[in-house]
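Just dropping this structure here.
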Amino acid sequence: VAAGGEAEAGGGGAEAVRGGGGGPLGVAGHGNYFNESYAMVLDRGLRAGFAAAGVAASARNFGMGGAAALPLGWCAAEVFGPEPDVVTWDFQMVEGKHWRVSEAFARSAWALASQPVVVFFTKESSRLAMLRRYASMPSASAPPPDELVRDLGLAGRKRRFRADATPHALVDIGFAPKSEVEKRRKFSTPDGAPGRVPWHPGWRVNKLFGSVLAVWLLSALGDALAELDAGQRFEPAAPLALPPSDCGDPALLCETPGQHRCATTYEPKRGADLRTFVSGHVAWPVLLAKGDPSLRAQLLGLGYLDRKWTFEGAADRGPLAFALDNFAPRSLVLCEATTGWRRPPDLGHLDADLDLRLDGTPLALARLALVHNCFRASFPPTLPDLRLDRRTLTLNVTTRHTKVYLSHLIW
């Protein structure tokens with residue numbers, strides 16, 4: 001699910017329930033109308049059901065085409081907001097089997113002040129095992145609902161649509177429509193609309209997923225109301241003390257969740273934009289990364305509103321500087337925007353085509369093994385490990401006729 005958001009308190013002071021989450025293309029609803037994404041199906045179900053109990057609830061879609069759990073997970077507070085009650089991520093499209101990335105995502109979400117429930121869509125046993133390990137902690141709630149959609153037959157099998165296949169919701173994620181006639185059975189969007197491709201679920205699967213999650217959360221509401229009627233009182237949950245992680249890679253920031261800052265140009269998000277940290281003249285333009293859906297298509301309601309805005313640097317544009325507050329030289333990660341299947345031929349790499357300096361001191365960048373669009377800076381031993389109110393990070397493209405993208409800073 002890609003549901004994330006906020007709601008005002010309602011029903012005589014009842015607390016709001018907020019959902020937050022994301023995932024790649026299928027979550028964003030590409031190929032469908034924005035209100036057909038299963039996050040929006042979930043939103044409609046939650047609003048109606050919780051309103052009957054005097055509680056305001058909502059879900060918000062943070063799905064983004066081609067996006068992975070990191071670096072967005074490092075930016076949990078900035079993307080999902082500071083206090084979601086549920087954060088979800090769909091790992092079924094672009095994540096592969098790298099469960100360590102999912103652990104970094106989960107720990108970043110749990111570091112939020114609201115300590116939200118974390119729900120994953122995944123088929124990988126290693127990822128489920130990781131969730132169960134955390135669910136067994138004394139202060140954890142019930143085990144995560146990993147059995148929720150396991151038996152629905154949504155394994156992403158590619159087969160052609162059969163007119164007699166039922167129920168339709170269980171087959172439209174698997175069949176690969178070749179003709180416009182077949183596409184009309186899977187998608188309700190107009191002929192020629194972007195995103196109507198075999199690997200995107202149609203409106204039926206979106207409705208199924210959103211409904212299943214809504215029923216799960218509404219069932220939890222029903223159980224809570226029954227316990228209240230029986231006279232049980234609810235105490236605030238104890239703070240969640242995270243155990244040491246199994247990430248095995250310090251670059252994933254698993255051991256320091258919530259102890260770093262993040263800023264991004266991507267949308268949707270709830271927090272500050274990376275542009276607000278620019279110091280001086282904005283020498284690099286901010287534009288949509290190549291391969292992103294057109295603004296016109298999104299404004300027509302085709303797919304959810306996800307925009308991979310990015311700084312685009314070039315040698316003839318001069319340096320771009322950021323004023324980073326409360327900075328200590330322990331960890332600094334720069335990420336470039338994802339570009340889909342076809343990387344532009346003139347797009348360089350941050351570790352090869354960029355001169356990076358912190359207060360004038362050169363820094364080297366190395367690509368992260370498990371987060372391929374992100375690069376970690378290494379600090380020279382002569383740089384004191386002092387937390388200062390503000391440091392200046394300067395980027396300058398060194399290779400002529402080459403452009404670089406910058407979409408995230410984590411420090």
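Quick one: which residues, 5 or more positions from Asp90 or on another chain, have an amide H under 5 Å from its amide H? H modelled 1.01 Å from N in the peptide plane, none for Pro or chain starts.
Gly22, Gly23, Phe121
Right, here's the next one. Please state the shape class of segment 194-293: rounded when a/c is under 1.5, otherwise prolate if a/b exceeds b/c and oblate if not, all from the C-alpha gyration tensor.
oblate
Near the amide H of Ala56, under 5 Å away, which other amide H atoms are found, from residues 5 or more places off or on another chain, if H is placed in the peptide plane?
Gly10, Val17
For segment 179-248, just say rounded, prolate or oblate: build the C-alpha gyration tensor, square-root its eigenvalues into a ≥ b ≥ c, call rounded for a/c under 1.5, and beyond that prolate if a/b exceeds b/c, oblate if not.
oblate
Still on this structure, please answer the following. What FRET efficiency, computed as 1/(1 + (r/R0)^6) with R0 = 30 Å and r the Cβ-Cβ distance, is obtained for Leu288 and Asp355, rounded to the nearest 0.05?
It comes out at approximately 0.70.
In what sequence, highest mean first, do 188-197, 92-101 appear when ranked by Cβ atoms within 10 angstrom?
92-101, 188-197
If I take R0 = 60 Å and measure r between the Cβ atoms of Asn326 and Ala53 in this structure, what FRET efficiency does the formula 1/(1 + (r/R0)^6) give, to the nearest 0.05?
Efficiency computed from Cβ-Cβ geometry: 0.90.
Can you pull a Stokes-Einstein diffusion coefficient for segment 234-279 at 20 °C (1.002 mPa s), Rh from Kirkwood over Cα pairs, as a whole number of µm²/s?
Translational diffusion coefficient: 153 µm²/s.
Starting with the highest mean, order 397-404, 263-270 by the number of other Cβ atoms within 10 Å, averaged over the residues of each peptide.
263-270, 397-404
Working out 0.36 nm times the residue gap between Ser378 and Asp273, then minus their Cα-Cα distance, what length gain in nm do you get to one decimal?
Answer, rounded to one decimal: 35.3 nm.
If you don't mind, there's one more thing I want to ask. Under the classification rounded if a/c is under 1.5, otherwise prolate if a/b is larger than b/c and oblate if not, where does segment 307-393 fall, given a ≥ b ≥ c as square roots of the Cα gyration tensor eigenvalues?
Judged from the Cα gyration tensor, segment 307-393 comes out prolate (a/c at least 1.5, a/b above b/c).
Values quoted throughout were computed directly from the atomic coordinates according to the rules given, and no laboratory measurement underlies them. All values derive from a computational prediction rather than experimental measurement. Neighbour counts are summed over all protein chains in view; Cβ atoms, including those assigned to glycine, are modelled from backbone coordinates with ideal geometry.
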